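Quick notes on the structure that follows.
The values are calculated or read from the model by the stated rules, or taken from the named source; none is laboratory data. This one's a predicted model, so the numbers in the text were calculated from it and none came from an experiment. Cβ placement follows ideal geometry from the backbone for every residue including glycine, while neighbour counts extend to all protein chains displayed.
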């Protein structure tokens, strides 16, 4: 079982490692627009091999009441690969430098308030350091006659031979009970949430085949075990199915309580309530296997 804090830090580190490429894949927002025209990009270009052709799709719109004459639209790359988040942000903010033009297309006359869709093909081999895997910036510039040029910055991922090692990511599925001031879930709450179509049933059923780790609120399993034979049949079946799954996971705090609030209030460690702390259950039924809330429950199979 993975400790909650350690697991969170590991996920954060992996997310940072993947952040530059993920941000590059969704980038494509115009960074400048003149009053005469706007330049809008479609989806960022697909990742490209060094010997392939990169296709950039754009829409040029005339924001005036007069026609814009035929003009060139050019594409230039960044001077270097965008190796980290800082260089990516610099490029997308309009402050990154670019190399000379590597692609060009003529945009036809655009009627007043009209738009034209264009595509520009550029050779990946003309990108900076084409043998190096990673993100490159692309700068599209439209220069209509008699008006200011408008630009759009986007990115493309170059799939060269020197690819980094894959980043391992983990998906965590929280399984928590309903918000309540009571110590345990009631039999009625358990019956509705574990019935066919209930939210706890859906969480487990729809994640059975998924590669996820469970973050489980022990209040749910404690509530079922405390009721013993009086627990709804659907709740007991739900717990049995949960225990049968070979899933990684970890315990949340009881009731998914706020750990930071407990520590700020002076608790030396997160609180672990016992059954006699739970107000709405007067006493466990005879023979119930419940001591403290973490006993004999998933994932202690």
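Before moving on, here are some points about what is shown:
- Per the listing 155, 151, 119, 141, the residue uniquely part of a strand (DSSP E or B), exposed (fewer than 15 other Cβ atoms within 10 Å of the Cβ) and touching a strand residue (DSSP E or B) at 6+ places or on another chain (Cβ under 6 Å) is 119.
- Residue 102 being surrounded by 12 or more Cβ atoms within 10 Å (Cβ to Cβ), at pLDDT 95 or above and more than 30 Å from the chain's Cα centre (by Cα): yes
- Against the conditions (1) without any contact (Cβ under 8 Å) to a residue 60 or more places away in the chain; (2) touching a strand residue (DSSP E or B) at 6+ places or on another chain (Cβ under 9 Å); (3) assigned to a loop (DSSP other than H, G, I, E, B), residue 130 satisfies every one except (1).
- Subset of region 41-54 (residues that are surrounded by 14 or more Cβ atoms within 10 Å (Cβ to Cβ), closer than 25 Å to residue 143 by Cα and modelled with pLDDT of 90 or more): 54
- Of all the listed residues (29, 74, 38, 90), the sole one being assigned to a loop (DSSP other than H, G, I, E, B) and either out of contact with any helix residue (DSSP H, G or I) (no Cβ under 7 Å at 6 or more places or on another chain) or modelled with pLDDT of 90 or more (or both) is 29.
- Of the residues making up region 214-228, just one is surrounded by fewer than 20 Cβ atoms within 10 Å (Cβ to Cβ) and either under 31 Å from the mean Cα position of the chain (by Cα) or at pLDDT below 85 (or both), namely 215.
- Enumeration of residues in region 185-200 that are more than 14 Å from residue 256 (Cβ to Cβ) and part of a loop (DSSP other than H, G, I, E, B): 186, 195, 196, 197, 198
- Within region 190-199, the presence of a residue that is touching a strand residue (DSSP E or B) at 6+ places or on another chain (Cβ under 9 Å) and either surrounded by 13 or more Cβ atoms within 10 Å (Cβ to Cβ) or under 21 Å from residue 254 (Cβ atoms) (or both) is excluded.
Matching residues to (1) in the same structural domain as residue 186 (by TED's automatic domain parsing); (2) farther than 21 Å from residue 182 by Cβ; (3) in a loop (DSSP other than H, G, I, E, B); (4) in contact with a strand residue (DSSP E or B) (Cβ under 9 Å, 6 or more places away or on another chain):
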site: 202; (1), (2), (3), (4): yes, yes, no, no
site: 219; (1), (2), (3), (4): yes, no, no, no
site: 228; (1), (2), (3), (4): yes, no, no, no
site: 239; (1), (2), (3), (4): yes, no, no, no
site: 269; (1), (2), (3), (4): yes, yes, yes, no
